[in-house]
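Following: one structure in structure tokens, then a few remarks.
The values are calculated or read from the model by the stated rules, or taken from the named source; none is laboratory data. Please read all numbers here as calculations on a predicted model, not as lab measurements. Here Cβ is always computed from backbone atoms with ideal geometry, including for glycine, and neighbour counts include all displayed protein chains. What goes into the accessible areas is simple: the full protein's heavy atoms, side chains included, and nothing from ligands, DNA or RNA. Shrake-Rupley method; radii C 1.70, N 1.55, O 1.52, S 1.80 Å.
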Amino acid sequence: PYYSELLKELIDTVPLLASLGRVGREFQEILESRTEYLEADEDLYQDPGEGSLLSAIQSDILNLRDPSGEESSAAQSRGVDPADDSISIHACHGPMREAEVLRDRLVELFERDPSLQARDVVIMTPHVDRYAPFVEAAFASAESGSLPLHVADASARASSELFDAFSRVLEVLRGRLPVSEVMDLLSLACIRERFGLREQDESRIRAWVRSSGIRWGADRAHRKAEGQPDVEQNTWRFGFDRLLLGYAMEDDGQRTFGDVRPHTAVSGTESEALGRAVDFLDTLGALHEGARGLREPEEWAVFMAQVLDRLIASDGETVHQHRQIREAIEGWAEAAREADYQAPLSFAAVLESFASRMEDRRAGGGFLSGGITLCELVPMRTIPFRVVCIMGMDDGAFPRVGRRVSFDLLGRERMLGDRSRRDDDRYLFLEALLSARDHLLITYTGSHWRDNQDLPPSVVIDELLEHAAAGFTFPETETGSGARAHLRFRHPLQSFSPRYFSGVDDRFFSYSESDCRAARALIAPREEPPAFASEALPDLPSGLVEYTVDDLVDFFRNPARHFARNRLGVWLRDDEDQVSVDREPMGVMGLDEWQVGSAILDGLQAGTPDELVAEAIRGQGILPL
């Protein structure tokens, strides 16, 4: 009876607590239903007072006061000091701007209050892996002194070089071995070291791969298994056969050896790097072959251990990561044994299951380690801090959506105490609100970086603003009056906006000297830049000019490149995009067209039969199949 009355009073008097505190209410109800209520229970809650907007809202929740109730009139509505910044909500153009704004706010708090230490600040976010790189970059570049930051709760893949490399290897083994993904593996030091390759060898191998005509596929058998023509053209075997043959013999332009034309790109001591690259591709191809078909979980665990041993090196600094990956593999196999699951699985199914297990693993350390703590917004992390910052409070990103499978009985009929991801996140926000002692800083992506369109915040932020607007009177600001105008800040797209340095609105500021110089340059009188060409540009055609759709696409994709080619006659080197790198040629164009024409002309002059000329051109891998 006692709890029923208390629950009714909570719902009727404090809408914010009723909306966010469902998990806590149900836990309290379950706890009291299983324990005997004692009259001698001691209440250990302390009223934070009403010295600031933050503490006043906390006091309302503690004392079950609803400022918008009938007992509160407009005359009794509490006024908020114009200098009160205990709660601030910042709408930014993406995670990087959130990190930059948060950095400047923290620097200002440290300068204002010398007693505030880095260990008194916590930054929480629903997506720590996404925000950690931005926060680390912004805090390291603080020109008034880098802010000490410790990241907790980061996933094993995000915090471990070997975990990331192993995950990427497994993903490559599942695919078609495209050039872009395979070469990205060689950019990882732990894989290069395993085959004795140096960092400078990577760019050399990339050039060999690009010029030898490799696109995707281990060999002709792999192409056939993918439902493609049973040929080796544009496969890894084809390209490295060309490189090895070119090291052994010269290319006269007309001669092939076993339908392969030599590619003389390797000479001298470069052969050592070529041999090590061949060793890497042979190992990768053999493991790719082993990833086909169906196997039992135990066999897949052995296979993944082989992948780890044969492709990824470890030294004294990373040996523990190597051991953790092996433990993760053994744990995955043990879970299959406990479930008594012995049916054959495909590698794609294994990878999906193992990847989810890897994502759940979190690196330890970093929490309460003496600096500013960046951690995941999870239960049991809402320890009282003087400054609590919450990042990534976007609409749809928080509260997070928990999707139930069709056979989950919890979704059919909810009972007291059943877990709900949205209710858990709402309660986490309430805990964070109550844990802040001096300041609560909230950031979210509130404007689109392309068109500056306003984006809504999380629903919990709207509920907090509505609660503040109902019970407090806010001073006038340049953007209007009310809770939203006083508590919410809409920041410019760029950190070097003159708004931060003009002094017109002292609520917007920055400590970056480089951004200040950029802002001054923006408002300074414009000077006519000097001409970049000493001679006049060629005249435009006076008659009718015909443009194709491809011309328009090329112009809008890269106007500067189109101008250089068509007006200046300058053909700058154009790196191939990922699609053209990973796909065999579907037509002859550009430089390939010139090479085919030159080969045909040379063959006609030398009297070489057409069949041999075609074979030599096809041996380069530049003709469509």
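Some values worked out for this structure:
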{"quantity": "Charge dipole of the stretch 295-363 about the Cα centre (unit charges at C-beta), most positive-ward option of 339, 316, 356", "calculated": "316"}
{"quantity": "Cβ-Cβ FRET estimate between residue 306 and residue 211, R0 fixed at 30 Å, reported to 0.05", "calculated": "0.40"}
{"quantity": "Pairs of alpha carbons in the stretch 491-535 whose separation is greater than 15 Å (percent)", "calculated": "50"}
{"quantity": "Under-5 Å amide H pairs with residue 90, H placed in peptide plane, nonlocal only", "calculated": "442, 443, 444, 489"}
{"quantity": "Per-peptide average of other Cβ atoms within 10 Å, ordering 210-223, 263-276 highest first", "calculated": "210-223, 263-276"}
{"quantity": "Per-residue HN-Hα couplings for the stretch 114-130 [Karplus 6.51, -1.76, 1.60; θ = phi - 60°; Hz; x = Gly/Pro]", "calculated": "x, 6, 6, 10, 4, 5, 8, 10, 10, 10, 10, 8, x, 9, 5, 5, 6"}
{"quantity": "Probe 1.4 Å, accessible area per residue of the stretch 262-312, Å²", "calculated": "42"}
{"quantity": "Debye log10 I(q)/I(0) at q = 0.11 Å⁻¹ for the stretch 305-444, Cα point scatterers", "calculated": "-0.70"}
{"quantity": "Computed Rg/Rh of the stretch 433-581, alpha carbon atoms with Kirkwood Rh", "calculated": "1.16"}
{"quantity": "Sulfur and carbon atoms: percent of accessible area, the stretch 209-249 [1.4 Å]", "calculated": "47"}
{"quantity": "Pairs of alpha carbons in the stretch 248-318 whose separation is greater than 16 Å (percent)", "calculated": "68"}
{"quantity": "With every protein chain in place, the stretch 381-534: carbon and sulfur % of accessible area (1.4 Å)", "calculated": "52"}
{"quantity": "Å² per residue, accessible surface of the stretch 456-527 at 1.4 Å", "calculated": "53"}
{"quantity": "Farthest toward positive dipole pole in the stretch 396-485 [+1 Lys/Arg, -1 Asp/Glu at C-beta], among 474, 409, 448", "calculated": "409"}
{"quantity": "Against the rule of thumb 2.2 N^0.38 Å, how large the Cα Rg of the stretch 307-363 comes out", "calculated": "1.26"}
{"quantity": "Solvent-accessible heavy-atom area per residue, rounded to whole Å², over the stretch 142-223 at 1.4 Å", "calculated": "38"}
{"quantity": "Calculated Rg and Dmax of the stretch 163-276 using C-alpha coordinates, Å", "calculated": "14.8, 48"}
{"quantity": "The stretch 117-197: Rg to Rh, with Rh as the Kirkwood radius over Cα pairs", "calculated": "1.11"}
